[in-house]
Structure formats: C-alpha cells, structure tokens
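Beneath this line is the structure, given in structure tokens, with notes to follow.
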Amino acid sequence: QVRLVESGGALVQAGDSLRLSCVASGLTFSSYPMGWFRQAPGKEREFVSVISRSGSSTDYADSVKGRFTISRGNAKNTVYLQMNSLKPEDTAVYYCAAPNTARWDPTSYEYVYWGQGTQVTVSS
C-alpha cells in the first residue's frame with residue numbers, strides 16, 4: 001500500500017526557516033509528481049507547491065513564491081519543502097500528496113495519495 005510520511009514540522013518564530021520531508025513507499029516514486037498542501041485551523045486545505053517526476057518543473061501558490069522551494073531526491077524517495085522567511089500565516093498542518101498520473105499538468109491533478117501531515121507553527 002502507498003504510504004507517505006511527512007516530518008520536520010516544528011514550532012518556530014517568524015522569520016525562521018524550516019525544511020519538511022516526505023518519504024514515500026509502496027509506489028515507483030520517480031514516476032509520480034509530488035505536491036505539498038497545507039490546512040490552517042478553520043480553513044480548507046490549500047495547494048502550496050508541486051514538482052514534476054524528474055524535478056525539472058515546479059509550481060507554487062502565490063502566497064509562498066519566493067519563500068518556499070520544493071525539491072526531490074528520487075534515489076531516496078523523498079520530496080522536500082524548504083520554507084524560508086516564515087510568517088504566522090504559514091501556520092498549518094502540511095501534507096504531501098501524489099496524483100495518479102505522471103503527466104505534467106498540475107492544474108488538472110486529482111491527488112489520490114496523502115500523508116498524515118506534520119504541524120508547522122510560526123509565532124510572532
């Protein structure tokens with residue numbers, strides 16, 4: 001069975017940096033684009049970033065452009081989210097996810113595999 005396990009969440013201060021990791025198993029990792037989402041208290045889950053299967057293409061939500069960087073290490077079945085200049089508004093549970101296609105068409109994805117999430121809290 002496919003399993004995605006996030007780690008790296010923490011309580012940090014505004015302006016700090018944090019790196020999240022997501023380790024995948026049960027699938028051919030290099031065949032799948034990978035995405036990051038987040039859900040803040042009282043809000044719906046929102047898209048953060050996505051990366052193509054090779055890592056050659058990426059996309060970001062406007063709210064994190066210039067601050068967050070997605071990357072992947074296919075040899076270790078891991079996708080990362082480097083978060084810099086963190087703001088209190090970034091406080092959320094962060095989830096990694098995978099769609100069921102290798103095609104680079106992120107606006108059309110249906111994400112079918114999800115991790116359990118890791119908590120990021122940014123204090124001011």
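The values are calculated or read from the model by the stated rules, or taken from the named source; none is laboratory data. No experiment lies behind these values; they were computed from the predicted model shown. Neighbour counts are summed over all protein chains in view; Cβ atoms, including those assigned to glycine, are modelled from backbone coordinates with ideal geometry. To get the accessible areas, we keep the full protein, side chains included, count just its heavy atoms, and leave off ligands, DNA and RNA. Shrake-Rupley method; radii C 1.70, N 1.55, O 1.52, S 1.80 Å.
What is the diffusion coefficient of the chain in µm²/s, taking the Kirkwood radius over Cα pairs and the Stokes-Einstein relation at 10 °C with a viscosity of 1.306 mPa s? Intermediate values should be presented prior to the final figure.
Numbers: Rh = 14.3 Å.
Taking Rh from Cα pairs, D becomes 111 µm²/s.
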- Message: With every protein chain kept in place and ligands, DNA and RNA left out, what is the accessible area per residue of the chain? Probe 1.4 Å, answer in Å².
- Response: 52 Å²
- Message: Given axes a ≥ b ≥ c from the Cα gyration tensor, I'd like to know whether segment 29-86 is rounded (a/c under 1.5), prolate (a/b larger than b/c) or oblate.
- Response: prolate
- State, to one decimal in nm², a quarter of the convex hull surface area for the C-alpha atoms of segment 78-124, i.e. the direction-averaged projected area. 4.4 nm²
- Message: Could you compute the longest span of the chain free of GluC sites (Glu not before Pro) located in DSSP loops and having at most 15 other Cβ atoms within 10 Å, not counting the site residues?
- Response: 45-109
